[in-house]
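Take a look at the structure set out below.
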Amino acid sequence: MSMVAGVGAKTVQAVLAFGRFWSFGGSMLMWSAADLPRYRAWRRVMPQFYEVGNRTLPVILVTGMFVGLVLAVQAYDQLLSARLEEHMGVLINLTLVKELGPVLAGVMLAGRIGGALTAELGTMNVTEQLDAYRVMGADPIRHLVVPRFLACLLLTTLLTFFCDLMGSVSGWFIAVIVKHVPNGPYWYRTAEAIEFWDVGVGLVKSFLFGGAIGTISCYKGFYCKPGAEGVGKACTESFVASFIVILIIDFFVATFAMGLYKALYGFKPLL
Amino acid sequence: MPVIRLCDVHKSFGRLDVLKGVDVDLRPGETTVVIGESGAGKSVILKHIVGLIRPDRGSVHFRGQRVDTIGEREWAKLRTRFGFLFQLGALFDSLTVGQNVAFPIVEHGTYSKGEIEKIVADKLRMVGLDGIQSKRPVELSGGQRKRVALARAIALDPEVVLYDEPTTGLDPVRADVINELILKLKRELRVTGIVVTHDLASARKVGDRIIMLHGGKFVFDGSPQALDRCRDERVRRFVEGRASQEDLRSLQNRGGS
């Protein structure tokens, strides 16, 4: 009987948490839409833009650079043996813009910014600062969550673009400068294979990743349990949940985009 | 008519029944002090009054209007008539002292920048801290943080100010400064005050009326003088700072095991 009661209690808790998450997300989206045209709201968003962009750009650039370097080093011998070294640009840039760029930039953001957002809001929660907003007749979701959410949503795409760019340059450096692949054919093949569609799919993914990171990180901080342990646990949960959601979104967007492309333009062979 | 009325308020957190039928009327212009042991549910009562917590059963009324059933949007307007001093101040770390005090004014008023600066200076002067507008909360001492939080709580000239453990964590001198401030606010702004504390010196000094919460219900309601005359064992033990036989037995059992 106690086991049944335990399962029941856990189910009720899970349903309540699910409802709370969607209520939180709904309120956040409603305030985001309402505040977008307001100058005063953008004054709250701009410092968050600085925090998210400034804190993450160096990490994102380093990530992009090493992804490009590793892809080029790994691909060169294989493509050379098949006399396809001119196609190196296709492999490096397509992998970057469609998959590794958005996913790795998203993961780095989840770790670098997501953790910081959860810790900041979690600390505000345990020191009653969130209640202080409420008792002054201000909605903490509007004042604290919406600026952070918008910064994550809008800047992840831009940061992913920089990650892609850095990876592309570093991949070109290994292929053309170090391995002496001819520069003209390298870029010609790349331009032939990569379409705006591919870049667009990558950027749409990163936009969704940014939204997911912002929502999950703020939610976890907002409802973290009291004490230092509660904040620490919320940070860990926030990163793990963001990482898993990034992978899930990646799979579904990739599947959907591939199906849509086939339906519109047919199958496109890369070689 | 009472400013605030709590009728048969019950509240549980999980299996813990914190309030078991609390009834009280808080009269205008009076400072009511709620005393009781740590964990008795004193702060829970304050949070019911400003709608941060809703009762499981019973009702909360403000100036004759039932408020425990109203929505968050209505509460947002209504809360401008309350000031709340949190136990740790709850100042916003990312804002300066001036911005903290100005926050409710900017949020709810339509004042010019100059007018806001003047109101902020007035409120800080009232708590004896004018001139520190550009400082950050981390640069302040515990007592200063509470005074700034008090300046923020009265920024909109509220009708009711709720004080959650205003003197906890302060030395006796700083605690007395806060007590004097509570009396000054009552005198100058004629606010209705509700103070939650377990500091009896503070309760006796600022309270027109003291009520004691024990086991989820009020077990004493009277003047500070009546508190000293009360013969109820639970009240006497709290006033004299005496552990119960049950507490002592539990310590002995643990010591022996």
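The values are calculated or read from the model by the stated rules, or taken from the named source; none is laboratory data. Treat the numbers as computed from the prediction; the structure is a model and nothing was measured. FYI the Cβ positions are ideal-geometry reconstructions off the backbone, even for glycines, and counts take in every protein chain you see. To get the accessible areas, we keep the full protein, side chains included, count just its heavy atoms, and leave off ligands, DNA and RNA. Shrake-Rupley method; radii C 1.70, N 1.55, O 1.52, S 1.80 Å.
Inside segment A:93-151, residues that are among the small types (Gly, Ala, Ser) and over 29 Å from B:Ser43 (Cβ atoms) make up a count of 9.
Picking from residues in segment B:25-59 that are in contact with a helix residue (DSSP H, G or I) (Cβ under 8 Å, 6 or more places away or on another chain) and assigned to a strand (DSSP E or B), the one that is surrounded by the most Cβ atoms within 10 Å (Cβ to Cβ) is B:Val34.
Could you go through segment A:159-172 and let me know if any residue there is aliphatic (A, V, I, L, M), crowded, with 24+ Cβ neighbours inside 10 Å and under 30 Å from B:Ile53 (Cα atoms). No.
In segment B:169-257, counting only strands (runs of 3 or more DSSP E) that sit wholly within it, the ones holding 3 or more residues that are farther than 25 Å from B:Gly128 by Cα and touching a residue at least 60 places away in the same chain (Cβ under 8 Å) span B:209-214, B:217-222. Taken over segment B:76-86, the residue count meeting the criterion of being open to solvent by less than 20 Å² (accessible area, probe 1.4 Å) and either at the interface with chain A (Cβ under 9 Å from one of its Cβ atoms) or more than 13 Å from A:Tyr133 (Cα to Cα) (or both) is 6. The set of residues in segment A:172-190 being more than 12 Å from A:His87 (Cα to Cα) and not charged (D, E, K, R) consists of A:Phe173, A:Ile174, A:Ile177, A:Val178, A:His180. For segment B:132-177, the set of residues classified as under 16 Å from B:Leu189 (Cβ atoms) and either acidic (Asp, Glu) or open to solvent by 50 Å² or more (accessible area, probe 1.4 Å) (or both) consists of B:Leu156, B:Asp157, B:Glu159, listed by residue number. Would it be correct to say that B:Arg204 is open to solvent by 20 Å² or more (accessible area, probe 1.4 Å) and in contact with a His (Cβ under 7 Å, 6 or more places away or on another chain)? No; evaluated as a whole, the condition is false for this residue.
If you take the residues in segment A:127-145 that are at the interface with chain B (Cβ under 9 Å from one of its Cβ atoms) and either within 13 Å of A:Asp35 (Cα to Cα) or among the charged types (D, E, K, R) (or both), which one is surrounded by the fewest Cβ atoms within 10 Å (Cβ to Cβ)? Break it down stepwise before answering.
Within segment A:127-145, the first condition is being at the interface with chain B (Cβ under 9 Å from one of its Cβ atoms), and the residues that meet it are A:127-139, A:143.
Then keep just the ones that are either within 13 Å of A:Asp35 (Cα to Cα) or among the charged types (D, E, K, R) (or both); that gives A:128, A:131, A:134, A:139, A:143.
Details: A:Glu128: 20, A:Asp131: 20, A:Arg134: 20, A:Asp139: 17, A:His143: 19.
Within segment A:127-145, the match that is surrounded by the fewest Cβ atoms within 10 Å (Cβ to Cβ) is A:Asp139.
Among the residues of segment A:56-74, those identified as free of Cβ contacts under 8 Å to residues at least 60 places away in the same chain and surrounded by 14 or more Cβ atoms within 10 Å (Cβ to Cβ) are A:Val59, A:Val70. All conditions but one from (1) of a type outside the set (A, V, I, L, M, F, W, C); (2) open to solvent by 40 Å² or more (accessible area, probe 1.4 Å); (3) part of a helix (DSSP H, G or I) apply to A:Gly53; the one that does not is (2). Of all residues in segment B:182-198, those satisfying the criterion of being closer than 16 Å to B:Ile4 by Cβ and of a type in the set (A, V, I, L, M, F, W, C) are B:Val191, B:Ile194, B:Val195, B:Val196. Of the residues in segment A:1-36, how many are open to solvent by less than 70 Å² (accessible area, probe 1.4 Å) and more than 22 Å from the chain's Cα centre (by Cα)? Qualifying residue count for the region: 9. Annotation: A:Tyr39 fulfils all but one of (1) modelled with pLDDT of 85 or more; (2) open to solvent by 50 Å² or more (accessible area, probe 1.4 Å); the unmet one is (1). Set side by side, the residues A:Leu104, A:Leu121, A:Leu150 differ, and just one is within 14 Å of chain B (Cβ to nearest Cβ), among the aliphatic types (A, V, I, L, M) and part of a helix (DSSP H, G or I), which is A:Leu121.
Can you tell me how many residues within segment A:119-178 are among the basic types (Lys, Arg) and closer than 29 Å to A:Phe207 by Cα?
Of segment A:119-178, the ones among the basic types (Lys, Arg) are A:134, A:142, A:148.
Still in the running and closer than 29 Å to A:Phe207 by Cα: A:142, A:148.
Count: 2.
Based on what the data block shows, is B:Lys135 out of contact with any Leu (no Cβ under 9 Å at 6 or more places or on another chain) and at negative phi? In short, yes.
Here's the yes/no breakdown for (1) within 14 Å of another protein chain (Cβ to nearest Cβ); (2) open to solvent by less than 40 Å² (accessible area, probe 1.4 Å):
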{"residue": "B:Leu88", "(1), (2)": "yes, no"}
{"residue": "B:Ser94", "(1), (2)": "yes, no"}
{"residue": "B:Val101", "(1), (2)": "yes, yes"}
{"residue": "B:Pro104", "(1), (2)": "yes, yes"}
{"residue": "B:Lys118", "(1), (2)": "no, no"}
{"residue": "B:Arg125", "(1), (2)": "no, no"}
{"residue": "B:Leu129", "(1), (2)": "no, yes"}
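Determine, yes or no, whether A:Leu155 is within 14 Å of chain B (Cβ to nearest Cβ) and either in contact (Cβ under 8 Å) with a residue 24 or more places away in the chain or more than 29 Å from A:Phe66 (Cβ to Cβ) (or both). Against the criterion (within 14 Å of chain B (Cβ to nearest Cβ) and either in contact (Cβ under 8 Å) with a residue 24 or more places away in the chain or more than 29 Å from A:Phe66 (Cβ to Cβ) (or both)), A:Leu155 does not qualify. For segment B:60-75, indicate whether the set of residues that are closer than 23 Å to A:Pro147 by Cα, open to solvent by 30 Å² or more (accessible area, probe 1.4 Å) and within 14 Å of chain A (Cβ to nearest Cβ) is non-empty. For segment B:60-75, residues closer than 23 Å to A:Pro147 by Cα, open to solvent by 30 Å² or more (accessible area, probe 1.4 Å) and within 14 Å of chain A (Cβ to nearest Cβ): present.
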